[in-house]
1. Mind listing whichever residues of segment B:242-286 are in contact with a Phe, Trp or Tyr (Cβ under 8 Å, 6 or more places away or on another chain), among the β-branched types (Val, Ile, Thr) and more than 9 Å from chain A (Cβ to nearest Cβ)?
2. Using the structure shown, decide if B:Tyr177 is aromatic (Phe, Trp, Tyr) and closer than 20 Å to B:Ala34 by Cβ.
3. Just to check your reading of the model, which residue among B:Ile153, B:Ile172 is loosely packed, with under 11 Cβ neighbours inside 10 Å, part of a loop (DSSP other than H, G, I, E, B) and of a type outside the set (Gly, Ala, Ser)?
4. Would you mind listing the helices (runs of 4 or more DSSP H) fully within segment A:217-317 where at least 2 residues are outside the structural domain of A:Pro172 (by TED's automatic domain parsing) and under 21 Å from B:Arg246 (Cβ atoms)?
5. Mind listing just one residue for me: the one in segment A:117-138 that is under 15 Å from the mean Cα position of the chain (by Cα) and more than 11 Å from A:Ile92 (Cβ to Cβ) and, of those, surrounded by the fewest Cβ atoms within 10 Å (Cβ to Cβ)?
6. Which ones in segment A:194-215 are crowded, with 16+ Cβ neighbours inside 10 Å and under 17 Å from A:Phe154 (Cβ atoms)?
7. Within segment A:289-329, which residues are more than 17 Å from the chain's Cα centre (by Cα), under 22 Å from A:Leu181 (Cβ atoms) and within 14 Å of chain B (Cβ to nearest Cβ)?
8. Please pick out the residue among A:Leu86, A:Leu10, A:Leu43, A:Leu60 that is outside any loop (DSSP other than H, G, I, E, B) and under 26 Å from A:Ala118 (Cα atoms).
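The values are calculated or read from the model by the stated rules, or taken from the named source; none is laboratory data. Not measured: the values here are computed from a predicted model. Here the Cβ is made from the backbone with ideal geometry for all residues, glycine too, and neighbour counts use every protein chain on show.
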Amino acid sequence: MNETVDIKELNDRIEKESSFIDMIKIEMGKVIVGQKHLVDSLLIGLLADGHILLEGVPGLAKTLAINTLSSIVDADFSRIQFTPDLLPADLIGTMIYSQKKEAFHVKKGPVFTNFVLADEINRSPAKVQSALLEAMQERQVTIGEETYELPKPFLVMATQNPIEQEGTYPLPEAQVDRFMLKVVVDYPKMEEEKLIVRENIAKEFPKANTILKPENIINARNVVKDVYIDEKIERYILDIVFATRFPEKYGLEKFSAMINYGGSPRASINLAMASKAFAFIKRRGYVIPEDVRAICHDVLRHRIGLSYEAEAENITSEDIITEILNTIEVP
Amino acid sequence: MLKIINTYKLNIIFLIVLSTVVNVVTAQMVTVTAEMDTTEFLIGDQVGLELKVTQPYNVFVGIPIFDEELTKGIEILDQSENDTTLLENGDWLIKKRLLITAFDSGYYVIPPIPVLYYSDTIKSEPFIFKINSVKVDTSEAIKDIKMPYTAPISFAEIFPWAGGGLGLAILILVIIYILRKIKRKEPILGRIKPREPAHIIALRDLSRLMNDKLWQKDRVKDYYTVLTDILRMYLWNRFSVRTLERTSEEILESLKVNKFKDEEAYNTLKEILYTSDLVKFAKFKPVGDEHEKCLSGSYSFVDRTKLIIEEKPTHPEGEEEEAEAEADSSEKYNKGKVKVLEKQND
């Protein structure tokens, strides 16, 4: 076989830059039992420079997973517990008057860090959640009249409890769209849970080692950006996203009344970026349809607005995405 | 002159007297009687009234034609034609029968019924009859005297409904038929064209791809795209595996799930799909013989996995052994049942 130079060179670079992937998985595996998909999703977010929203009932190691990932990377980390009385200034910072200097000075909030763990983000009202909008999209924060850049890498990893639970506020569409992935965390398997119980009884909690520097992540991100994505794959991604907007054009008339709004252009961008990151994790210099399908649910599930008809019919965004994937022709 | 006048007067008087005498004599020979079947009946009942006129055969008698009412309160429902009978004494008996009823209780009088006899009128004798009302038992609740009468249903009444129902049933069957045809994507009228076997379609498409010489024209990506499309369509037609919406990995997995046993064919397909993926998605450019290898591999895969239709003969009982001996004769297979056998070269 004769591969073209670009892909061969890219594969070599990937081989070199992705060596830390296995190490991260090993370190994560020390602390997190099972939850392979959760770990892969965190890596995709880390490599594709996309924020991650984890959803699941309490006790599924969501916070622990993010904490562990942060500890593996030698970078600044802040954990913000979102509560109903939290204020936007508690997140981004505020102007404080100094009597000594007789002037206002900026007190930066906990968002000025590399990794932000927004724990139980939907326990705070929308005004606090929205305070993260600028930080997440522009990687900057405006306090008073000044705009401050956030450190690189900057990643928001949020956890939320299912919206059906008491005392939760739904995230605004603009906010939720800024998360590249929404990962639904499920219960561990029986064997995995047995191991968790044993570890807790023995009080033996292994700790992950710090093995990565922020520069490693930035370098890896540059390689991820270069992962080749063919025009056919781009077309496939667009078909999937457009099917969420205009299902009737793809022979999915039954979903027309069930979808209030489909994926935004950010969905297409994130689907492409996450596919590249997934291909990188798989040590490939190019994206194949399997990559797109592997991360499609995580990228799209929070970007499809369901109508009352869908709720009445018990149709979820998961069902719609699955049906779309089973309908759109693979290149 | 006076004598002539007196003689004339006498003649006239004689004629008048004679005429009167004749009339009186013949009038006494015409009799009119009226009698009812019964003189007492219930309100609303229908009773016959017979008018009888006896007369010499050579005189004229005018029998009346009655209106709807005989007298106030007595209705005539029907009246017969005059029925004339010759009596033994040579006179005529004329009968006319009326069907009468009344809807009010009490006593009624049948008035004298006049019959014209020349300038005279001869009348029947009047008589009385009584109409009784229905006895009401006030101690019981009000109820129907008789239950409603159910008229028999005639064919003319049933026909529109039966015809309409039959028409509606036919219409529903026609609609169901048309909908089924549409659902199966079959022509509504006319015969269904039998589907071509999957391998015939695939082999024809592969020949067309070879003739198009896409990779020779440096359209390598198009070449592999068409090649995989042909194979995917073949797998869909042959194994009913949904391939168009699945990735290479998923297609291979589906074949395993479907217990695809030909390992060599499986590996050939796997190699073709993976090479095609590299070309389509990774800018991979295979060398010349790899293009031909993929094409020949596709031919081989289709050939190894094609559906073979074998005809199995049917024979009467007891002739099986004899039939087996003659099984080589292809002529014997012509009337046999068709049995579909899958060629598996494992």
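1. Within segment B:242-286, B:Thr268, B:Ile272, B:Val279 meet the criteria.
2. Considered against the rule, which asks whether it is aromatic (Phe, Trp, Tyr) and closer than 20 Å to B:Ala34 by Cβ, B:Tyr177 comes out as no.
3. On the way: B:Ile172 fails: part of a loop (DSSP other than H, G, I, E, B).
That would be B:Ile153, the only listed residue that is loosely packed, with under 11 Cβ neighbours inside 10 Å, part of a loop (DSSP other than H, G, I, E, B) and of a type outside the set (Gly, Ala, Ser).
4. On the way: elements: A:231-245, A:265-281, A:289-300, A:308-312.
Ranges flagged: A:231-245, A:265-281, A:289-300.
5. If we take residues in segment A:117-138 being under 15 Å from the mean Cα position of the chain (by Cα) and more than 11 Å from A:Ile92 (Cβ to Cβ), then A:Gln137 is surrounded by the fewest Cβ atoms within 10 Å (Cβ to Cβ).
6. Across segment A:194-215, the qualifying residues are A:Leu212, A:Pro214.
7. Within segment A:289-329, A:Pro289, A:Glu290, A:Ile321, A:Thr322, A:Glu323, A:Ile324, A:Leu325, A:Asn326, A:Ile328 qualify.
8. Numbers: A:Leu86 fails: outside any loop (DSSP other than H, G, I, E, B); A:Leu10 fails: under 26 Å from A:Ala118 (Cα atoms); A:Leu60 fails: outside any loop (DSSP other than H, G, I, E, B).
Going through A:Leu86, A:Leu10, A:Leu43, A:Leu60 in turn, just one is outside any loop (DSSP other than H, G, I, E, B) and under 26 Å from A:Ala118 (Cα atoms): A:Leu43.
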